[in-house]
Structures are given as structure tokens and as C-alpha cells.
């Protein structure tokens, strides 16, 4: 039987809205948890918080029902063809709910460690409000795809095909001219800015010109290198914005691991190493190797939790300009997660860039200076761990991580080993 959901767009005091709310509460009451609470789909709680039925009713009545919540997956409804508005079985049909799931996972991730979440719920971030509004806005009057879903798919195509930013800008300009009534971004900058809330950023850390030290933590406020006394800045006399001598880009590891566990699309793969081990004596994955098995015997407490993460580190220098006459060498440090199956863990899209060490020459034995942020974080993840939300089981656990090995050629090994 098809459930009438047109009432969610009506005014909150109209008879149709009140009758629809009453019918929704009858459905919701069949799916309460052990504390008699149920997900609240008001515009502030957005299914992130469980509330008592009386509170859910009051929230929806006072605040309104989340308009992008058209398939009630938190209240036992399954995806169906009729919900999508098609008469035949859809194949890869884009819907608003694709991005709804992504945003829902990100919101859950950001709220995992939040405290003071009382029964009245929390106000939703204005940027999330804007994203949900775009989920409810058609790309074009005659198109069922939302503007946010289109933007995400277009950016994904740009990445996998390695389009330049300028070519992407030109495409957006052409689409804007060809479809003037569409809700298409005007530039790559605007597109990235639009999705920054669900992205993962990096930290810029200033470094000494001669690789002596980082202006970080205890040195963060210093204007000169504590080792060689060289100035932190290219020009110390400028009255405008000062330019640092060198900048290390650090992409923290913990938010990336948190994202893998908070996403319903990747969380289930994070324990593959515990369930997909070889049974015929042939090595298909590092989990079947002696190093992994010896580590499990040495640290049984770590191995007992299959959601703990095993990592591999690769680092090497390259010339980003493709011109060997230009003496420049930038060093990326990349981590890969071995919890996942072999067809995922060695895929390029699974690699996690953690450090981008600036040139113009190899850091050589001074690479330890640049590795410090990553080493500090790895120490924290090994000794203390962090609270993670596992989307596949909807539970919170303490995740730890360890560096199983490094992958490099002999010159890079010489640098990494000091």
C-alpha cells in the first residue's frame, strides 16, 4: 500500500498536515527502541536523534517535517519503485536519496563525540540546512535529479577522468548557457565551496627553510627557527600578508578513518580481514602472511577487536612539473588500509594522502621533522585510540590503529630509516 506523504509539504496548522502527522506517528510507534524512543524526522533533528513519541510529535508539529525524507528508511520503509515515481524497475536512476545517505552519514560522524544531546535535540548547522535545501531542489523543472546530486556526480566524473579546473569551469559555463533555468554552479570554486561541509580538509604547518623544525605545537608562535634562527617568513618587512618559507600540508588520519566507519557504504568492508582469510594455504591478502599472524600473537588485545586498523605507509619524491631540468622534488606520504579486501585496499581511490612535504629538494635525513605530526597521531591511535561510530552495526567503539610496514624503494628507505 502506498503511503501518502504529500502532507509533509503542507502548512503545519492545516488539517491535511495534522492528519498526515497522526498517521505517521502510528507507523513510528511500531518501531520504538528499548527506551520507547524513535528517530525524529523534524527539520532540526533530521533523524539524528531518538526521542520519545510525544517529543517527536511536538518537534514535527512545531518545526516541520524534513521534506527530503521521502522514503522512511528509519521507520522500516524499504526503497521501492513506486517511491521513485517510475513504473518499471530503475537501473542506476539518480535520486535525491543518494546524497541524503551521504549527508546523513557525515552528520552522524560529526555528532558521535558530541555531548549534551538532550531530548530537545540540537540546532542543525546552517550549512547542512543549505545542503538539505538543495536535496529538495530540482536541477531543472523537467528533471527529477536534485541539484546537489548532479553536482556530486559531476565532480566525481571530473576526478576519475582527471579534468583540469579550467576545463571544468568551461563545462559549467556551457551548461549554464545551454540550460539557463537549471541550478548549476558557475565555477569549480563554487562547486567545491558548496560541498566543503561533507569534505575532509588539511592543516597547513609552516616549516623552517632549512628543514630544521616545524612551527607547530610548542613552536607555533615563534617567528624564527629554534635551531638555526632563520626567519619563518620570506619577507619580514612586508606590511601585507606574510608568506612562509615552507609549508607542510598535513591531512589528519583520524577524520579519514572516522569517515570510513561512519559511511554505510564502507564500514562493512573494514572487518573483511577477519572474515575473508584464506582457507587453502594460498596468500590472497596480507592477512594471510606471517608478519600479520605474528603481530596478532604478539598483541592479542589489539587483534581481538577486528575493527582496529592496520596501515601501510609509502613515501617517495617526485618532480611535479615533469621536467627533469627543473630541480624540484616534492614528497607525498600515503597510507593504505589493509582491513579492506584486496580489490579495495590497493585501489588508487583507497589511498590516503597524509603528508605533502615541500621541495625544492629531498628532505633526506630531515624527513623525521616532517613526519612528526603523523607519528604523533599514530602514537595516539596506538596507545589511546578514538571513539568511532560503526555505521554497519550502529554502535560506538574505541578504535586503535597501527603501522604494519612501510613500502618504498631503497633510496626512500634510506630517508625513512634516518
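Within the stretch 140-161, being exposed (fewer than 15 other Cβ atoms within 10 Å of the Cβ) and under 16 Å from residue 191 (Cα atoms) holds for 153, 156, 157, 159.
Enumerate the pairs (first residue in the stretch 148-168 and farther than 17 Å from residue 199 by Cα; second residue anywhere and buried (at least 17 other Cβ atoms within 10 Å of the Cβ)) with beta-carbon separation below 7 Å, excluding pairs fewer than 6 apart on the same chain, so at least 6 apart or on different chains. Taking only residues 6 or more apart or on different chains, the pairs are 165/188; 168/158; 168/188.
Once the stretch 51-72 is narrowed to residues that are modelled with pLDDT of 80 or more, over 16 Å from residue 129 (Cβ atoms) and buried (at least 17 other Cβ atoms within 10 Å of the Cβ), the residue that is nearest to the chain's Cα centre (by Cα) is 72. Scanning the stretch 9-20 for residues that are touching a helix residue (DSSP H, G or I) at 6+ places or on another chain (Cβ under 7 Å) and either in contact (Cβ under 8 Å) with a residue 24 or more places away in the chain or under 17 Å from residue 69 (Cβ atoms) (or both) gives 10, 12, 17, 20.
Check whether at least one residue in the stretch 216-231 is closer than 26 Å to residue 390 by Cα and without any contact (Cβ under 8 Å) to a residue 12 or more places away in the chain, and report yes or no. There is no residue in the stretch 216-231 that is closer than 26 Å to residue 390 by Cα and without any contact (Cβ under 8 Å) to a residue 12 or more places away in the chain. Residues that are part of a helix (DSSP H, G or I) and over 21 Å from the mean Cα position of the chain (by Cα) were ranked within the stretch 239-290; the one that is nearest to residue 405 (Cα to Cα) is 286.
Yes or no: the stretch 289-308 includes at least one residue that is closer than 30 Å to residue 246 by Cα, surrounded by 11 or more Cβ atoms within 10 Å (Cβ to Cβ) and at pLDDT 90 or above. No: zero hits.
A single entry from 400, 372 fulfils the requirement of being in the same structural domain as residue 288 (by TED's automatic domain parsing), surrounded by 13 or more Cβ atoms within 10 Å (Cβ to Cβ) and touching a helix residue (DSSP H, G or I) at 6+ places or on another chain (Cβ under 8 Å): 400.
When the residues of the stretch 260-282 are narrowed to those that are out of contact with any strand residue (DSSP E or B) (no Cβ under 6 Å at 6 or more places or on another chain) and modelled with pLDDT of 90 or more, which ends up nearest to residue 107 (Cα to Cα)? Lay out the reasoning, then the answer.
Initial filter on the stretch 260-282 (out of contact with any strand residue (DSSP E or B) (no Cβ under 6 Å at 6 or more places or on another chain)): 260, 263-266, 268-282.
Remaining after also requiring modelled with pLDDT of 90 or more: 260, 269-273.
Values: 260: 13, 269: 21, 270: 20, 271: 23, 272: 25, 273: 28 Å.
Here the residue is 260.
Okay, residues lined up against (1) out of contact with any strand residue (DSSP E or B) (no Cβ under 7 Å at 6 or more places or on another chain); (2) over 25 Å from residue 102 (Cα atoms):
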position	(1), (2)
155	yes, no
160	yes, no
181	yes, yes
193	yes, no
206	no, yes
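Only helices (runs of 4 or more DSSP H) wholly contained in the stretch 341-418 count here; list those with 3 or more residues that are in contact with a strand residue (DSSP E or B) (Cβ under 7 Å, 6 or more places away or on another chain). Spell out how you get there, then give the answer.
Working: elements: 342-345, 367-383, 410-416.
In the stretch 341-418, the matching helices (runs of 4 or more DSSP H) lie at 367-383.
For the stretch 196-207, a residue qualifies if it is touching a helix residue (DSSP H, G or I) at 6+ places or on another chain (Cβ under 8 Å), part of a loop (DSSP other than H, G, I, E, B) and in contact (Cβ under 8 Å) with a residue 40 or more places away in the chain, and exactly one does: 200.
The selection criterion, being in a strand (DSSP E or B) and either modelled with pLDDT under 85 or within 24 Å of residue 382 (Cβ to Cβ) (or both), holds for residue 311.
Conditions tested, residue by residue: (1) closer than 19 Å to residue 107 by Cα; (2) in contact with a helix residue (DSSP H, G or I) (Cβ under 7 Å, 6 or more places away or on another chain); (3) modelled with pLDDT under 85.
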residue: 7; (1), (2), (3): no, yes, no
residue: 22; (1), (2), (3): no, no, no
residue: 26; (1), (2), (3): no, no, no
residue: 40; (1), (2), (3): yes, yes, no
residue: 44; (1), (2), (3): yes, yes, yes
residue: 74; (1), (2), (3): yes, no, yes
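The values are calculated or read from the model by the stated rules, or taken from the named source; none is laboratory data. Everything numeric here is computed off the predicted structure, so don't read it as measured data. Note: ideal-geometry Cβ built from the backbone for every residue, glycine included; neighbour counts use all protein chains shown.
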